[in-house]
Amino acid sequence: MKTIFKVMMMTGVLAITAGCGQKKSDFKYLLDEFADLKVMRYTIPGWEELTLQQKEYAYHLAEAAKWGRDIHWDQNCKWNLPIRHVVENIIENYDGNRDCAEFEQFIVYAKRLFFANGIHHHYAEDKFFPECSQAYFKSLMEAVGDGDKCAELLDVIYNPNTLQQRRSTSTDGDIVVLSAGNFYEGVTRAEVEKYYESIEDKTDETPIAYGLNTKVTKDASGNIVEIPWKIDGMYGPAIAKICEELKLAAACAENDIQKRALGLLVKYYETGDLKIWDEFNIEWVKDTIGTVDFINGFIEDYNDPLGRKGAWEGYVNIKDHKASERSVILSANAQWFEDNSPVDPRFKKKECKGISAKVINAVCLAGDSYPSTPIGINLPNADWIRKMYGSKSVTIANITHAYDYAAQESPTSTLDEFAWDDAEKAFYREWGSWADEIHTDLHECLGHGSGQLLPGVASTAMGEYASALEEARADLFGLYFTADPKMVELGIMPNKDAYKAEYANYIRNGLMVQFTRVELGRPNTEAHMQNRKLIAEWCYEKGAKDNVIEKKVRDGKTYFVVNDYEKLRALFAELLAEIQRIKSEGDYEAGKNLIETYAVNIDPALHKEVKERYEALHLKPYGGFINPDIVPVEKDGKIIDYQVIYNDDYLKQQLDYGKKYCAL
Ligand SMILES: [Zn+2]
């Protein structure tokens, strides 16, 4: 898994608050809500500290990113661009009555279309439909001079039996034939698989990503052929524009590594040669000193039923030097944490290294990352490059914060619904986001890397329980140390009490809130969710005699309240020691017993109550963003600055992009 998406159902509990940077009261983050979606915007902290050259570099990278928009639309389904052009025409030129329910329904469809970059839901991948009637849609098309396209396009839009899924999940049909995505045409799954089987060199230890940048079809004589996505191939006009901007960016890059990387990227777009794509990635990984960084290319293969074709994606970001320091400090002190962790000395590493990851702020989202965007990225994807040259792991701070702030603006939240009283809510709003981030840092930078197996114990000893136990171990390591005075001493935690916000939240979530994501009647099966339930449930039971965590009921609603934070920390320490023992000794039975006793079964009455309370909040499960504009400021014919303009109109941005970056 290379990208981490924010699961919106969890926000509002995991993250509602200021903390790392106070929310500016006059800046509105939540812009629009419709269907199951919400649209937000983000700020770019650190932009003003960039030099003019860095701003210029970021500007051209952002232009290059936006020029790829149409590629992604066409990849999602070949009908997407013609449909979008018709919808744009109606929004801009329809001069009939706009003040009626049907036109509003049309607008909701348009907003959903823009959000999904096409006619299929961005996440569920099923085709969605306008609520206005087909006859009404037809009348709109006729009114703006697109009547001749009705027969073809309206069937694509309204017919529930065609192009049902962008990526087919059929278990008995041909997933290549049934997928509406534009990666294959006129070929079957068996033909595609046979073709790649015939060209792949299985002995190559540094293989190219076969098929990453092509569409597969047949030529006139029925032979399988690949149509490459390159400057003189498919998507040529858009790729030419991308290359133009990449060359301008290279001219003002921060260092020679970036310059070389961009040169290789352009060469790859010109030739379609995947060997050069690998060379580019190796160079790109090396650049760890620059402030401005980017993603540009055919990257993730999730949209392809066969997992080969890269969805076009663009991303420009700047390093958050201050936030990145945190993981540097933690890594530098890795040995102290190891020596002071509450586990048996036999299971501790004698020499341990933390992992340093960087924190970034997004400057521009594009293609597969726009408007719905990940909050963490780990690239490149080629395993051999990751092994030989490393990878970049980033968390995207300004996007995470925008989610938090937008949740605060929402009239309802899971925090308000599930926290016991105003004091608990207020304390969480003040410190929760901060403490949550620190906990995540500890989990990622130190938790997973801590501890060691006893000699002779296989790393696979925990079998099917390995993931949940491993996540629990890393989480407990983070929970234990979030409360340590050392964290205040290192300047990472703001004060000795802030950790309590994370403790209360963790228990609430583990015992209750996270079950909103599990279907009624189903057990808890996902590894991270099992880990949280295991920890919370175990501490609830073991602390019962001291009333460490108390179950309270008010007006028929259940709450879990932490009464004794120090005792809770001691319980975390005890469970961490036990899970470390289980892992170090390879005690499969004990691991299995922990998971099956505490992590799997959800109390049906509580589950039903939690689902009902959540549904009554009417929260939108999916979120996306609009980009700020970056605008050159000229004086006497010279560019003297690049200014960031924060827009607040989602539809307008979509229509503007449609005009400005129309390449296909
Ligand atoms: Zn983890």
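Taking every alpha-carbon pair under 8 Å whose residues sit at least 6 apart, the chain reaches a relative contact order of 20 percent.
When only the Cβ of Lys, Arg, Asp and Glu is charged (+1, +1, -1, -1), the dipole of the chain relative to its Cα centre reaches about 780 debye.
Remark on residue 358: its backbone amide H falls under 5 Å from those of 393, 395, a criterion applied only to residues 5 or more positions apart or on other chains, H modelled at 1.01 Å from N. Each Lys or Arg adds one and each Asp or Glu takes one away; over the other residues whose Cβ falls under 10 Å from the Cβ of residue 185, this sums to +3.
Could you tell me which of the pairs 230/286; 38/111; 66/230; 319/652; 322/387; 78/218 are separated by over 21 angstrom between their Cα atoms in the structure shown?
Details: 230/286 25 Å; 38/111 10 Å; 66/230 17 Å; 319/652 29 Å; 322/387 28 Å; 78/218 17 Å.
Check vs 21 Å cut-off fails for 230/286; 319/652; 322/387.
With the alpha-carbon atoms of segment 206-274 aligned to their principal axes, the span from lowest to highest coordinate is 49, 31, 11 Å, starting with the largest. Can you give me the accessible area per residue for segment 189-278, using a 1.4 Å probe, in Å²? Result: 48 Å² of accessible area for each residue. Based on the convex hull around the alpha carbon atoms, segment 160-207 presents an average projected area of 4.5 nm². One quarter of the surface of the convex hull around the alpha-carbon atoms of segment 159-247 equals 8.9 nm², the direction-averaged projected area.
Note on surface exposure: 168, 198 rank 198, 168 by accessible area, highest first, 1.4 Å probe.
Each principal axis of the Cα atoms in segment 268-421 has its own extent, and those three values, largest first, are 56, 50, 33 angstrom. Within the assembled protein chains, the solvent-accessible surface assigned to residue 308 is about 60 Å², based on a 1.4 Å probe. Loop-only check: which chymotrypsin sites (Phe, Trp or Tyr not before Pro) in segment 223-311 are DSSP coil with at most 10 other Cβ within 10 angstrom? When the chymotrypsin sites (Phe, Trp or Tyr not before Pro) of segment 223-311 are filtered for loop state and at most 10 Cβ neighbours within 10 Å, nothing remains. Within the chain, what whole-number % of the accessible surface is contributed by carbon and sulfur, with the 1.4 Å probe and all protein chains included in the calculation? On the chain, the fraction of accessible area on carbon and sulfur atoms equals 51 percent. According to the calculation over all Cα-Cα pairs in segment 330-420, the P(r) per 10 Å bin from zero is 13, 25, 27, 25, 11, 0 %. Pairwise Cα separations in segment 61-184 fall into 5 Å bins from 0 onward with the following percentages, short to long: 2, 11, 20, 22, 18, 13, 9, 4, 1, 0.
Note down the Stokes-Einstein diffusion coefficient of segment 131-185 in µm²/s, whole number, using a Kirkwood radius over alpha carbon pairs, 25 °C, and 0.890 mPa s.
Answer from the Stokes-Einstein relation: 190 µm²/s.
Pair-distance distribution of the chain: all C-alpha pairs, bin width 20 Å, starting at 0; shares per bin in whole percent are 17, 48, 32, 3. Within the shell defined by Cβ-Cβ distances under 11 Å, the residues around residue 454 carry a net charge of 0, with Lys and Arg each +1 and Asp and Glu each -1. For segment 509-664, the Stokes-Einstein estimate of translational diffusion at 25 °C and a viscosity of 0.890 mPa s comes to 121 µm²/s, using the Kirkwood hydrodynamic radius over alpha-carbon pairs.
Taking Lys and Arg as +1 and Asp and Glu as -1, the other residues whose beta-carbon sits under 14 Å from that of residue 206 total -3. Computed with the Debye formula from one identical point scatterer per Cα of segment 458-536, without solvent, the log10 of I(q)/I(0) at q = 0.13, 0.17, 0.18 Å⁻¹ comes to -0.50, -0.75, -0.81.
The values are calculated or read from the model by the stated rules, or taken from the named source; none is laboratory data. Keep in mind that what you see is a predicted model, and the values were worked out from it rather than measured. Cβ sites come from the backbone with ideal geometry, for glycine too, and all protein chains shown count toward neighbours. Surface accessibility is based on the protein's heavy atoms, side chains included, excluding ligands, DNA and RNA. Shrake-Rupley method; radii C 1.70, N 1.55, O 1.52, S 1.80 Å.
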